[in-house]
1. How many of the residues making up the stretch 4-48 are modelled with pLDDT under 85 and more than 26 Å from N73 (Cβ to Cβ)?
2. Out of the stretch 13-46, which residues are touching a residue at least 24 places away in the same chain (Cβ under 8 Å) and closer than 28 Å to E69 by Cα?
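The values are calculated or read from the model by the stated rules, or taken from the named source; none is laboratory data. These figures come from a predicted structure and were not determined experimentally. For neighbour counting, all protein chains shown are included, and Cβ atoms are generated from backbone atoms with ideal geometry for every residue, glycine included.
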Amino acid sequence: MEQFTGIITSIYNFHTNFIVGAITGLLTIFAKIASAIIMWNLIIKGPSWALSLVGIDGKQSEMISQGMENTLNKRANIV
């Protein structure tokens, strides 16, 4: 978002202001949707999805991922 603050615009330049506002608005919307999807996947799929993002799928290092999943499951407050 900070990249658009370097563009010098005036009040009378409607086209540039509209384009910059539209781009920053779309970036904000996409960022909020992406963060909601990531949070939803963390809630639903739990620690196994988070570990697969880091690169520990359980295929290469089963013991590490199982130990971490067990620790995270113990500390998670699942109602």
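1. 15
2. If the condition is that a residue be touching a residue at least 24 places away in the same chain (Cβ under 8 Å) and closer than 28 Å to E69 by Cα, then G46 is the only one that fits.
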